[in-house]
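Working notes, structure below.
The values are calculated or read from the model by the stated rules, or taken from the named source; none is laboratory data. Since the structure is predicted, the reported quantities are computational estimates derived from the model, not experimental observations. Cβ placement follows ideal geometry from the backbone for every residue including glycine, while neighbour counts extend to all protein chains displayed. Remember, those area values only see protein heavy atoms, side chains included, never the ligands or the DNA or RNA. Shrake-Rupley method; radii C 1.70, N 1.55, O 1.52, S 1.80 Å.
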Amino acid sequence: MAKTTVQSLEELFEKREYRALREVFSQMNNIDLARLLEELPTERAVLAFRTLPKDAEMDVFAELDAETQHHIIAGMSEKEVAAVMEDLAVDDAVDMLEELPATLVKKVLKLASPETRAQINQFLRYPEDSAGSIMTAEFTDLHSMLVEDAIKRIRRVGEDRETIYTCYVMDDQRHLDGVVTVKDLLLAQDGEKVENLMEPDVISVQTTSDQEEAVRIMVKYDLISLPVVDGENRLVGIVTVDDAVDVLREEDTEDFEIMNAMAPSERPYLKTGVFTLARNRFGWLLILMVSAMFTGSILGHYEPIYVTLPLLVTFIPMLTGTGGNAGSQSSTMIIRGIALGEVRLGDFFTVLWKEMRISVLVGVVLAIVNFVRMLIFYPGSGLVSLTVSLALVGAVLFAKVIGGTLPILAKACRLDPALLAAPVITTVVDALTLVLYFNLARVLLL
C-alpha cells in the first residue's frame with residue numbers, strides 16, 4: 001500500500017471520520033485491505049478492522065498475517081471473538097490458532113460453539129504439513145438426488161462453501177462416490193439423476209498424506225480442488241487451489257533458505273528480529289566454516305608443490321569457483337525436479353549417467369577455453385596450462401555428479417534434498433578438486 005494512502009487514512013482516523021473510512025474501505029480489494037491493516041499501528045489496525053464493511057470482515061481477517069490477527073483478536077470483546085470464530089472458515093481458524101499464544105487460544109476456543117470447537121480440534125489433530133492440516137471442511141456435498149434438487153441445494157448452502165464449482169457425491173455414510181461440476185448440472189435435464197452425471201473415478205488423498213504430495217497431484221491433474229478422505233474413504237474436506245498456492249510458496253521459500261545455508265523462518269524478513277535471523281544463519285555458517293578448515297588442511301598437505309610452483313596457487317579460486325557453480329546448477333535442477341515429482345529415487349542412475357555426460361561436454365569446452373587463455377597470458381606454460389585445464393574438467397565432473405545425485409540420496413534417507421544443496425556440495429567439491437589438482441601437478445610438473 002502506498003505511503004500516501006496510509007497517511008491519508010491516518011488523517012481520517014485523527015478526524016474520526018469513520019463514515020469516510022468505511023467508504024474508502026468499501027472500494028478496496030480485500031487483499032489490499034489486509035496489507036493496509038498490517039501497515040497500520042496496532043491500535044489503528046484494530047479500529048480499522050471494526051470499521052470494515054461487515055461482508056468483508058472475515059475475508060480480510062483470513063488474509064492478515066499472524067501478528068495482526070493476534071492484535072485484533074486481543075482487542076475484541078468476547079461477543080466479537082465468538083462472531084469471528086463462527087464466521088471464519090475452519091481451516092483459516094486453525095491457521096490462526098496455531099500462531100496465537102496458548103492463553104489466547106484457550107479464550108478463543110472457549111467462546112466458539114461446541115460444533116466449531118469440535119471441528120477445530122479435529123483439524124488440530126492432523127499431522128503438521130499433512131493434507132488434513134491444510135484442507136477446508138466447507139465443501140459442496142451432494143447425495144443420490146435429481147439434478148433439480150442438487151441445484152436447489154447448491155443455492156441453499158453455496159454461500160457458506162469454499163467453492164461450489166466442483167461438487168462431491170457421497171452416500172449416506174459419507175463415502176466418496178464421485179465428483180460432478182456445476183456446469184454439468186446446469187446443462188443437464190432437471191429430471192436427470194446426479195449419479196448418472198458424476199465421474200466415479202475420483203482423484204483424492206488421505207488426511208495423513210503429505211501436503212506437498214497433495215499439491216503435486218493438483219498441479220499434475222489441473223485441479224481447482226482436491227478431496228481429502230479418511231482411512232475408510234469418507235470425505236472429510238477438500239484442498240483448494242489457494243491452499244495449494246500457499247503451500248507452494250512456503251515450500252519454495254523454505255527450500256530457498258535451506259539451499260543458501262539458512263534455517264527456515266516462518267515470518268517475513270522485516271518482521272523477524274535480528275537475533276532470530278542471526279540464529280537462523282549461525283548454525284550453517286559454523287558448519288561450513290569448520291568444513292572449510294578441511295580444505296585448508298588439504299592445502300597444507302600439498303604445500304611443497306605450490307611452494308615449488310607458486311603460479312599454481314593463482315588458479316585455485318577459478319577451479320573451486322567453477323566447481324561450486326557447476327554443482328549448484330545440477331543440484332538446483334534436481335531439487336526442483338524432486339519437488340515437482342519429475343525426479344524419483346529410481347532415477348538415480350539415469351541422473352548419474354546424464355550428469356556425467358553433461359559434465360564432460362561442459363568441462364571439455366571450459367578446459368579448451370582456459371587452455372588457450374593461459375597460453376596467451378602465460379607464454380611457455382604449456383604443462384601448467386594442461387594441468388589446470390585437466391583439473392577444471394575434473395572439478396566440473398565432480399560437481400555435476402555430486403550435485404545431481406546427493407539430493408536424491410538425501411531423499412532416500414528421508415532428508416530434505418535442499419539440505420545437501422550448494423553450500424555442502426561446494427565444500428565437498430572444493431576438497432576433491434584440490435586433491436585432483438595437486439596430484440596432477442605432482443605427476444605432470446614435478
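With respect to the numbered conditions (1) in contact with a strand residue (DSSP E or B) (Cβ under 9 Å, 6 or more places away or on another chain); (2) touching a residue at least 60 places away in the same chain (Cβ under 8 Å), which one is the sole condition not fulfilled by Asp92?
The one condition Asp92 does not meet is (2).
Output the residues belonging to the stretch 182-199 that are outside any helix (DSSP H, G or I) and open to solvent by 30 Å² or more (accessible area, probe 1.4 Å).
Of the stretch 182-199, the ones outside any helix (DSSP H, G or I) are 188-193, 198-199.
The answer is Gln189, Asp190, Gly191, Glu192, Lys193, Met198, Glu199.
Among the listed residues Asp160, Asp149, which satisfies the condition of being free of Cβ contacts under 8 Å to residues at least 24 places away in the same chain and under 17 Å from Val236 (Cα atoms)? Talk me through it step by step, then tell me what you get.
Numbers: Asp149 fails: under 17 Å from Val236 (Cα atoms).
Exactly one of Asp160, Asp149 is free of Cβ contacts under 8 Å to residues at least 24 places away in the same chain and under 17 Å from Val236 (Cα atoms), namely Asp160.
For the stretch 76-101, name all the residues that are open to solvent by less than 20 Å² (accessible area, probe 1.4 Å) and either of a type in the set (D, E, K, R) or assigned to a helix (DSSP H, G or I) (or both).
Passing the criteria: Val81, Val84, Met85, Val90, Asp91, Ala93, Val94, Met96, Leu97.
Filtering the stretch 37-75 down to residues that are surrounded by fewer than 18 Cβ atoms within 10 Å (Cβ to Cβ) and small (Gly, Ala, Ser), which residue is nearest to Leu111 (Cα to Cα)?
Ala74
With the structure loaded, tell me whether Val290 is β-branched (Val, Ile, Thr), more than 30 Å from Arg216 (Cα to Cα) and out of contact with any helix residue (DSSP H, G or I) (no Cβ under 7 Å at 6 or more places or on another chain) or whether it fails that test.
Values: β-branched (Val, Ile, Thr): yes; more than 30 Å from Arg216 (Cα to Cα): yes; out of contact with any helix residue (DSSP H, G or I) (no Cβ under 7 Å at 6 or more places or on another chain): yes.
So Val290 fits the description; yes.
Answer yes or no: is there a residue in the stretch 331-352 that is of a type in the set (Ser, Thr, Tyr), closer than 19 Å to Ile425 by Cα and either surrounded by fewer than 19 Cβ atoms within 10 Å (Cβ to Cβ) or modelled with pLDDT under 90 (or both).
Within the stretch 331-352, one or more residues are of a type in the set (Ser, Thr, Tyr), closer than 19 Å to Ile425 by Cα and either surrounded by fewer than 19 Cβ atoms within 10 Å (Cβ to Cβ) or modelled with pLDDT under 90 (or both).
Would you mention how many residues in the stretch 407-426 are modelled with pLDDT under 90 and buried (at least 19 other Cβ atoms within 10 Å of the Cβ)?
Final tally of qualifying residues: 12.
Among the residues of the stretch 1-10, are any surrounded by 13 or more Cβ atoms within 10 Å (Cβ to Cβ) and within 25 Å of the chain's Cα centre (by Cα)?
Yes, there is a match, as at least one residue in the stretch 1-10 is surrounded by 13 or more Cβ atoms within 10 Å (Cβ to Cβ) and within 25 Å of the chain's Cα centre (by Cα).
Which condition does Leu345 not pass, out of (1) over 24 Å from Phe256 (Cβ atoms); (2) out of contact with any Ser or Thr (no Cβ under 6 Å at 6 or more places or on another chain); (3) touching a residue at least 40 places away in the same chain (Cβ under 8 Å), if it passes all the others?
With respect to (1) over 24 Å from Phe256 (Cβ atoms); (2) out of contact with any Ser or Thr (no Cβ under 6 Å at 6 or more places or on another chain); (3) touching a residue at least 40 places away in the same chain (Cβ under 8 Å), Leu345 is out only on (1).
Is one or more of the residues making up the stretch 29-36 of a type in the set (Asp, Glu), over 23 Å from Val105 (Cα atoms) and within 27 Å of the chain's Cα centre (by Cα)? Can you show your working first?
Within the stretch 29-36, the first condition is being of a type in the set (Asp, Glu), and the residues that meet it are 32.
When the remaining residues are screened for being over 23 Å from Val105 (Cα atoms), the result is 32.
Now narrow it down to the ones that are within 27 Å of the chain's Cα centre (by Cα): 32.
Yes, the conditions are met somewhere in the stretch 29-36.
Could you tell me whether the stretch 393-401 includes any residue that is more than 25 Å from Leu312 (Cα to Cα) and open to solvent by 10 Å² or more (accessible area, probe 1.4 Å)? Full working, then the answer.
In the first step, residues of the stretch 393-401 are kept if they are more than 25 Å from Leu312 (Cα to Cα); the result is 401.
Add one more test, that the residue is open to solvent by 10 Å² or more (accessible area, probe 1.4 Å), and what stays is 401.
The answer is yes; a qualifying residue exists.
Among the residues of the stretch 37-58, is any without any contact (Cβ under 8 Å) to a residue 60 or more places away in the chain, over 27 Å from the mean Cα position of the chain (by Cα), closer than 14 Å to Glu10 by Cα and not in a helix (DSSP H, G or I)?
Yes.
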